[in-house]
């Protein structure tokens, strides 16, 4: 038996998230079906972190086991030939039998991209959230700094989640601007359900001037979802890296 780890990228636009769901296309289904074609086995992949419908990944991590004799150096090329062009296998490597993409992960980095200009973009609509109102990215950056540290982030958790604790540690939270693109980047040891998108919705409230910067700290202290802003749409979010 061989144990393999792969780093993959995907455009989540045409998928109902990573995890298998009946009767709709998912990233997991595409990966497992392509592995079946490649290895002639029924493989199940384990993922570092499930992404929702429309969310993208730049360096997602999966692992699986196989008895296929295909040489390691040939697997990536052959596997990509079995996949649609919105999913890419970037790297494949051997790992120990006890490696687990999810449980061994020590942290993740996400980015959220906002297109801040009067008119939307036909070409960027699937990868950014368009906001026509002028955003104060400096105020958003100041509010984002309030997130750094170890806190109970239940104010930024959507309903429908079942976790043992809502305490997370955030090492980096910054907002930068490149021309008309406002980019929020966050790194943490883990994230609650829809946490990044709710944080972005809250930062947008600060960016438009509707809420002041100090409110971010009060939202964290409230430990109440109703205290935070709305959930930003999925298409602006991408998983940048999983850290081990």
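All of the numbers you see were taken from the coordinates with simple rules; none came from a lab. Predicted, not measured: the structure shown is a model, and the values here were computed from it.
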Original post:
Given the rule -39500 (n - 2.57) for each run of at least 4 DSSP H residues, summed and divided by the residues of the chain, what is its mean residue ellipticity at 222 nm, to the nearest 500 deg cm²/dmol?
Top reply: -6500 deg cm²/dmol
**OP:** Report the residue, chosen from 81, 126, 116, that carries the largest GNM mean-square fluctuation when the chain is represented by alpha-carbon nodes joined by springs under 10 Å.
**Re:** 81
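Can you tell me the relative contact order of the chain? Whole percent, Cα pairs under 8 Å, sequence separation 6 or more. Can you show the working numbers first?
Details: 540 pairs, mean separation 57.9, N = 244.
Value for the chain: 24 percent.
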Original post:
Pick from 199, 87, 37: which residue has the top mean-square fluctuation in a GNM of the chain where Cα pairs under 10 Å get a spring?
Top reply: 37
**OP:** Measure nothing fancy, just the Cα-based angle from helix 27-39's long axis to the longest principal axis of the chain, in degrees from 0 to 90, nearest 10.
**Re:** 20
**OP:** Let me have the relative contact order for segment 2-94, percent, based on Cα pairs under 8 Å that are six or more residues apart.
**Re:** 44
